[in-house]
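Read the structure below first, then the notes.
The values are calculated or read from the model by the stated rules, or taken from the named source; none is laboratory data. Predicted, not measured: the structure shown is a model, and the values here were computed from it. As a convention, Cβ positions derive from the backbone with ideal geometry for all residues, glycine included, and neighbour counts pool all protein chains shown. Quick note on the areas: whole protein, heavy atoms, side chains included, nothing else; ligands and nucleic acids left out. Shrake-Rupley method; radii C 1.70, N 1.55, O 1.52, S 1.80 Å.
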Amino acid sequence: MTDQSNPLPFDSFMNPSLGKYTKIYRDSIENPEKFYEDAGWVLDWYSKWETIIDRTGEPYYRWYVNGKLNISYNAVDRHANGPRRNKAAYIWVDEKGNEKIVTYRGLYRRVNALAKALLEMGVKKGDRIAIYMPMIIEEPVAMLASARIGAVFTVIFSGFGAEAIADRINDCGAKLVITADGGYRRGKFIPLKETVDKALEHTKTVESVIVVKHTGQPVSMTEGRDYWYSDVINDKEEVEPERMDSNDPLFILYTSGTTGKPKGVVHGTGGYGVWVANTMKWAFDPQETDRWWCAADIGWITGHSYIVFAPLILGLTSIIYEGSLDYPGPDQVWKIISYYEVDILYTSPTAIRSLMKYGDEYPKSHNLSSLRVLGSVGEPINPVAWEWYYEKIGNSQCPIIDTYWQTETGGFVISPVTGIGTTLLKPGSATLPLPGIDPVILKQDGGEAAPGEKGLLFLRKPWPGMMIGLNNDDKKYRTLYFGRGKDGYYTGDYAIKDKDGYYWLLGRADEVLKVSGHRIGTVEVEDALLSTGLVAEAGVFGKPHQIKGESIVSFVVLKSDSRMEPSVDAIKEKVRQKFGPLLVPDEVHIVGSLPKTRSGKIMRRIIKAVYQNDIPGDLTTLESEASVDEIKEAIDKFRNEMDGN
Ligand code: WTA
């Protein structure tokens, strides 16, 4: 149970007080034009916008209309040509302790060199490119080079397998892929290029592949299609940044939803840049000499916004770490913090819980006094983990910035804001809305939930960081996110607002799981199971997990025509090969049948209820297509089978 009554006073070290936040927040809601006018100047523009927001295409919103800019100019050039030229943009570290430091000037060289190579390989403004890389400096370089010439990139998380890559490439029509020979995780080699080769057997649009030699492991190169990165770049090249419109797309990031097919969330340029940079300032109050470590993967939105764009726009120094926080030893993360004197650490509740499990002696044996602020992201943080993070890692001196947001929101929407003065934190609450954000909690019937009452979280007003659309899917954009008209943007999350106006996020209200902070759709996993060819029917749901937040449970019916009964391990292995480790269920239960509606829909919620020994509840409202008797019969059969297992 979360304790909502015990706010911790941070007055002693957080200044100024809530008063300043209250005023800024009120101004942002009452006079948004003025507020966003000021916020827009966090970026440099070739020419200024004409209006702040255009609502004519509602629910599509266009920000900083007709403003012209380039994000790579903002992230790189303006620092590389000024006093920050020799400042480290990135300190890259791996599990073995290898280190590479790239200054802003060095980043400028690399981005220009790759941008030129892309142009020479025929990539033009508006073309799509895919990036599938380990956590190395060439990954942000690839994103920035793409932005520099106006191409639209999609980063595919390196934990995805060939089929998942092919699906994404086919959806956006990428014509070039940037990858590496491989990467390392927990000392193990990850064959990225080989996986790309397999994916490209199922795509038609890709003309060329650029391969970074990172591990030196042998890979096969296809003549006329594959090129070594080092062969296509020339450090002396410079490329004038493309003058992009504020509302030109910057990237597409695929994320899981309620249907099997991932959605391609499209982010724009101006509004997105303004939002990520300002939210980072408001929430974390980073200082010029700080070392910022966002320990997420660049393949997810957290890495896009807060390893690449926000810290670079603000001219900060970031750590990029290729590896696991607890490898080779349980104190790896603390070692890196003390060695690099990290000022701000931003990580996930899953990471915090798993580090906590190793015991206090590991953080205690390192000097963590450089830490000033700590952040959390990706899933609700339970108060026990919050307090451990606060006391044992932050020495009861660092505020915990629990940032609530989504791929679609671009940047934080509910979070404490040390930069503009929240004074009270409550362990487990993401606290208050950021300036410009207007949350409301609604009940199923549409009425507003009372303080302390659980409901669905909506954001009523648009904000600059919100997605500009879904790739090729106007219908989903309108129905999934804006289906309730004046209520605004639907987050898909349950939340409550307490009597002090603090928000408590309670997890997804739809068929989306958060497994170790990774966003995974139950239908996506079911589709992956079906596509193994071994399974005829599958029902997937999430079960609470002490460390990972949720784990994936599946019940499957085997194909009757398979000659040899596949084992659970064989099913898991097949999913892993095709889609990568991310979609592999933790549990696979083989049964003879699954409860279904008359129209053949598998009733996940009922399977889950039976599995957890709950009473499935009112069946008539749950599934109206099937008769209650039929459903009961199916459940009884299923229950007997489970007992017999
Ligand atoms: C969940 C990750 C509680 C939420 C940035 C949301 C959180 C989903 C928090 C988006 C938080 C993210 N507290 N829940 N601080 N942050 N979530 O798109 O369910 O990978 O809808 O973006 O993560 O996941 P996504």
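Annotations for the structure displayed:
- The chain, accessible surface, carbon-and-sulfur percent (1.4 angstrom probe): 48
- Sequence ranges 292-304, 159-171, ranked by mean other-Cβ count within 10 angstrom, highest first: 292-304, 159-171
- For peptides 484-490, 330-336, sequence by mean Cβ density within 10 Å, most packed first: 330-336, 484-490
- Backbone HN-Hα couplings from phi across region 332-340 [Karplus 6.51/-1.76/1.60, Hz, Gly and Pro as x]: 3, 4, 6, 4, 5, 4, 6, 5, 8
- 3J(HN,Hα) along region 109-115, derived from phi through the Karplus expression 6.51 cos²θ - 1.76 cosθ + 1.60 where θ = phi - 60°, amounts to 4, 5, 5, 5, 4, 6, 4 Hz, with x in place of Gly and Pro.
- Amide H contacts of R128 (H built 1.01 Å from N, in plane; Pro and chain starts excluded): V152, K175 sit under 5 Å, all sequence-distant by 5 or more or on other chains.
- For the pair R460 and E240, the difference between a 0.36 nm per residue extended length and the Cα-Cα distance amounts to 75.3 nm.
- Under 12 Å, Cβ to Cβ, from R109 - net charge with Lys/Arg +1 and Asp/Glu -1: +1
- Of the trypsin sites (Lys or Arg not before Pro) found in region 67-98, the ones in coil according to DSSP and having at most 14 other Cβ atoms within 10 Å of their Cβ are R85, K96.
- Interchain or long-range residues, amide H under 5 Å from I320's placed H: I91, W92, V93
- If R0 is 60 Å, the Cβ-Cβ spacing of D586 and E30 corresponds to a FRET efficiency of close to 0.80.
- Burial ranking of peptide ranges 601-614, 359-372, 240-253 (average Cβ count within 10 Å, highest at the top): 240-253, 601-614, 359-372
- Gain on full extension, evaluated as 0.36 nm per residue between E37 and K601 minus their Cα-Cα distance, stands at 198.0 nm.
- Computed [θ] at 222 nm, deg cm²/dmol, the chain (DSSP H ≥ 4; -39,500 (n - 2.57); rounded to nearest 500): -7500 deg cm²/dmol
- Sparse-neighbourhood loop sites, trypsin sites (Lys or Arg not before Pro) in region 176-206 - DSSP loop, at most 15 other Cβ within 10 angstrom: R186, K204
- Karplus-derived 3J(HN,Hα), 6.51/-1.76/1.60, for each residue of region 506-511, Hz, glycine and proline x: 10, x, 6, 9, 10, 7
- Looking at the chain, the DSSP beta bridges with both ends there are about 55 percent antiparallel.
- Separation of region 189-241 and region 455-490, taken as the distance between their Cα centroids, equals 36 angstrom.
- Cut-off 20 Å (backbone N to label point 7 Å along Cα→Cβ of E453), residues of region 491-520: 491-507, 509
- Among the chymotrypsin sites (Phe, Trp or Tyr not before Pro) in region 375-482, none sits in a DSSP loop with a Cβ that has at most 10 other Cβ atoms within 10 Å.
- Extending 7 Å from Cα along the Cβ direction at K204 and again at K125 yields two label points whose distance is 2.8 nm.
- Estimated inter-spin distance, D498 and M221, nm [label 7 Å along Cα→Cβ]: 5.9
- Full extension of the chain segment joining D44 with F189 gains 48.1 nm, where the gain is 0.36 nm per residue of separation less the Cα-Cα distance.
- Protein heavy-atom accessible surface, 1.4 Å probe, per residue over region 226-363: 30 Å².
- Amide N proximity, region 154-177 versus A570 label position 7 Å along Cα-to-Cβ, cut-off under 18 Å: none
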